[in-house]
Each structure stands twice: as C-alpha cells, then as structure tokens.
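The values are calculated or read from the model by the stated rules, or taken from the named source; none is laboratory data. The model shown is predicted, which means the values in this text are computed figures rather than measured ones. When we count neighbours, we look across all protein chains shown, and the Cβ atoms used for this are built from the backbone with ideal geometry, even at glycine.
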Amino acid sequence: MTGLTRDDIDHILKLIDGSDFDSLKLETGDLKLELRRKGAGPATAAPAPSAPAAPAAPAATVPAPVVASGGGSEVPAPLLGTFYHAPKPGAAPFIKVGDTVTEDSVIGIIEVMKLMNQVTAGVAGTVTEILAPNGELVEHGQALIKVQPV
Amino acid sequence: MKEKKQGTRAMAWPEGYGRRVLAEVDSTNAEAVRIAGGLAGPEWICALRQTAARGRRGRAWVNPEGNFAATLVMRPSGTPADAALRSFVASLALFDAFVALTGRTDGLSLKWPNDVLLNGGKVAGILLESVGGAGGLSHLAIGIGVNLRAAPSVAEVETGAVRPVSLLDETGIAVTPEDFLDALAEAFATHEARFATYRFAPIREAWLARAARLGEEITARTGTSETRGRFETVDGQGNLVLKTAGGRVAIAAADVFF
C-alpha cells in the first residue's frame with residue numbers, strides 16, 4: 001500500500017466512529033496517519049476503590065495527542081490544575097514561541113493540591129503557539145502548547 | 001530492620017525506604033532531583049541545615065537550625081493526579097508523627113490540602129514537586145519542613161498566611177530532626193501502604209477526621225478568583241468542596257484562608 005484515498009480515510013473514520021476507540025495511529029511504509037476523535041479526553045470513570053494500583057504504563061505507550069490539520073502536535077495537560085508559564089512569579093517563562101523543545105523539555109508547571117508538576121513536552125520540535133494562559137485553571141487533557149515536530 | 005529507642009517506644013525504620021542524613025545541603029528537594037535517576041527505591045533525605053530552602057512558587061522557606069527539613073523522593077507508578085493525592089498521605093503521616101512523639105492529639109489539625117496546624121498556627125509545610133507529562137512521572141519529591149525548635153516571625157511569611165508556630169514554643173517538647181525523621185518515615189510508610197492497596201478512600205476518611213474548620217465558613221483563593229462557603233468535605237479526587245450561595249463547588253487548586 002503506497003497511499004490512502006479520501007474514500008479509504010472516510011472508511012477508517014467510520015470504523016473509529018463505530019468503535020470504542022478515541023484515537024488511531026497507523027504506520028505503514030512511508031505513510032503515517034494519526035486520527036483522534038473530536039473532544040476525546042481521558043475516561044471519566046474512576047477506578048473502583050477496591051482495585052489495587054495498576055502499574056504505570058511505560059511512557060512510550062502514551063503518545064501525545066496529535067492533530068492532523070497541519071497545526072503540529074498539541075501537548076496535553078497531564079492533570080487538572082493551575083498552569084504556570086514560569087518557575088516563579090517574575091521569572092522568564094520556560095519556553096516561548098520559536099523555541100526548540102525535546103521530549104524531556106519542561107514547558108510549564110501545573111499546580112494542584114500543593115503538587116507542582118513540571119510538564120514535559122513529550123514531543124520534539126519547535127514551539128508554534130502557547131495555548132493555555134498563565135495562572136489559569138486547565139483541565140486534564142486540555143492543549144497547553146502547540147509544537148511543530150521535527 | 002533497624003531499631004532505635006525513642007523514649008519508651010521502639011521506632012522501626014520502614015523496610016524498603018532509604019535514609020540519608022546530610023549535615024548541609026542547598027535544598028533537600030534540589031538534592032532529590034539530583035539523585036532521582038539512580039534510585040533503587042524511595043529514599044528520605046534529611047538535612048540538618050539548608051542553605052537555600054524554598055517553598056511554593058519560589059518563596060523562601062525560613063529554616064533555622066534545629067528545625068526539620070527532609071524530602072522523600074520516589075518514582076511512583078500511577079498518574080500525576082495520583083501523585084497529588086500524596087499531599088494527603090504526607091500530611092496524615094506528619095500528624096501521626098507529632099502524635100507519636102508528643103503523646104498528644106489536642107491542638108493538632110489539618111488544613112486543606114496539606115498544612116499541619118498546632119493550636120491554630122502553622123507548624124509544618126509540605127511542597128510536592130514532580131516532573132512528567134501524559135506518559136507518567138519521572139519522579140516525585142515530597143519536601144517537608146517542620147518548625148521543631150523555632151518559627152519564623154510573622155513578618156517573614158506571606159501576608160494573610162496562618163501564624164507560624166513551633167513545636168517547642170507551643171508544647172515545651174524538644175524533638176531532634178533525626179528522631180522526627182524516624183517517626184515520620186514510619187508513619188508515612190503505613191499510610192502509603194494503605195494508599196497503594198486501598199487507594200484514596202481510607203486516606204480521605206482519616207484526613208477528614210483530622211480536618212480543621214470542617215462545617216465552617218472558609219475562603220479558597222486562586223490567582224484569579226475567590227470562593228467563600230461552608231467547608232462540606234473533601235471529595236474522592238481530593239477536591240475541596242464548599243457549599244456556597246450558588247451551590248456546591250469542588251475546588252482543585254487554591255489557597256485556603258480561615
């Protein structure tokens with residue numbers, strides 16, 4: 001298979017619509033296709049209180065959501081909380097538009113319940129947009145910044 | 001297991017936890033970041049002196065000698081939201097350490113999410129720091145400062161903050177940082193094991209039983225808004241639940257004022 005027609009993509013979209021999946025990542029030869037259901041977020045159901053702690057999934061199995069519209073990758077908030085652009089008030093922001101980031105680059109801090117979580121980009125590329133304002137509440141999964149992958 | 005006599009009570013250092021006591025360090029949370037990559041398991045770092053102690057959002061933490069400063073560094077499984085719930089695990093452990101060392105519970109209470117109050121004043125502070133994204137955390141550092149011997153003056157803390165107090169001034173009881181570490185590590189290991197097995201429910205219940213101002217009017221302030229209401233409960237996600245004129249509000253991130 002060397003490419004996909006518009007009909008093929010429509011067919012795949014219908015398959016996702018009728019499934020329980022929120023996203024699809026397909027790689028075949030030179031082709032790489034990532035699709036995500038609009039508004040898809042984390043499951044809202046809490047684990048049963050009696051369930052033992054699940055082991056953490058390896059980082060590699062949780063890709064940063066990617067939008068297909070040519071706008072680059074959106075880095076999602078890994079948790080709900082207050083988003084800060086800088087390490088402390090008055091300090092320079094961790095990143096600005098045009099900066100190059102690696103997967104481990106810190107792009108901001110999310111604070112919740114006195115936990116200050118330094119958010120890593122999870123993707124390498126160039127920052128094209130800062131989406132979430134400084135000092136405001138972000139939801140789990142909300143796009144924080146946009147990165148054009150290298 | 002290492003045993004140590006503490007008064008009439010044998011303190012047991014919890015199995016599986018590392019223990020290092022440093023004469024001096026810049027900040028125990030900074031040291032935690034430096035050693036996190038090579039950790040085999042959770043480890044307590046206690047410093048008898050910090051030269052660059054810090055609090056939330058770059059605020060200084062005043063840390064005179066004789067006070068307790070330590071960080072528990074760990075590489076937890078689970079989500080960042082799970083890591084945030086350790087605010088409650090850590091403050092419960094602090095509460096129990098005070099009880100174990102002083103033999104008293106009167107005057108002690110917890111303020112959402114993790115301040116320990118003694119006679120209504122702030123005797124300890126907790127700052128959790130983690131690094132990670134949607135794929136998980138690389139580490140979690142739980143920094144804990146306790147005014148064992150001396151409290152900073154009111155002028156040294158943020159305006160409107162709870163009055164700082166020390167254990168010695170309030171109770172006349174002198175505790176060394178190393179003895180405090182042993183009691184805290186034991187209490188933390190107990191609550192952490194409960195959290196790992198049964199999740200947040202028993203932690204929440206124990207925390208609420210020690211909560212200050214439950215059922216009373218309190219104020220939750222963020223950088224951009226203020227909510228005043230009756231402190232109803234803490235919900236299953238750790239949110240502060242206030243009953244306001246406009247209904248119930250669950251608050252995840254705020255500073256609480258009484």
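Facing chain A (nearest Cβ under 8 Å), under 10 Å from the mean Cα position of the chain (by Cα) and closer than 19 Å to residue B:28 by Cα, is that true of residue B:128? In short, yes. In segment A:119-129 there is at least one residue that is among the hydroxyl-bearing types (Ser, Thr, Tyr), within 18 Å of the chain's Cα centre (by Cα) and closer than 24 Å to residue B:85 by Cβ.
Among the residues of segment B:158-171, which ones are surrounded by fewer than 24 Cβ atoms within 10 Å (Cβ to Cβ), touching a residue at least 40 places away in the same chain (Cβ under 8 Å) and in contact with a strand residue (DSSP E or B) (Cβ under 8 Å, 6 or more places away or on another chain)?
B:160, B:162, B:163, B:164, B:165, B:166, B:170, B:171
Going through (1) within 13 Å of another protein chain (Cβ to nearest Cβ); (2) small (Gly, Ala, Ser); (3) under 25 Å from residue B:169 (Cβ atoms) one by one, residue B:78 falls short only on (3). Here is the figure for segment A:104-121: residues that are among the polar types (S, T, N, Q) and either in contact (Cβ under 8 Å) with a residue 60 or more places away in the chain or more than 7 Å from chain B (Cβ to nearest Cβ) (or both) total 1. Checked against the criterion of being modelled with pLDDT of 95 or more and of a type in the set (A, V, I, L, M, F, W, C), segment B:129-137 has no qualifying residue. In segment B:102-125, the qualifying residues are those that are touching a Lys or Arg at 6+ places or on another chain (Cβ under 9 Å) and of a type in the set (A, V, I, L, M), and the one that is farthest from the other protein chains (Cβ to nearest Cβ) is B:108. Is there a residue being assigned by TED's automatic domain parsing to the domain that holds residue B:196, free of Cβ contacts under 8 Å to residues at least 60 places away in the same chain and outside any strand (DSSP E or B) anywhere in segment B:67-76? Checking segment B:67-76: not a single residue is assigned by TED's automatic domain parsing to the domain that holds residue B:196, free of Cβ contacts under 8 Å to residues at least 60 places away in the same chain and outside any strand (DSSP E or B). As for segment B:47-64, it holds no residue that is over 23 Å from residue B:164 (Cβ atoms) and buried (at least 17 other Cβ atoms within 10 Å of the Cβ).
Just to check your reading of the model, which residue among B:169, B:235 is within 13 Å of chain A (Cβ to nearest Cβ) and more than 18 Å from the chain's Cα centre (by Cα)?
Answer to the check: B:235.
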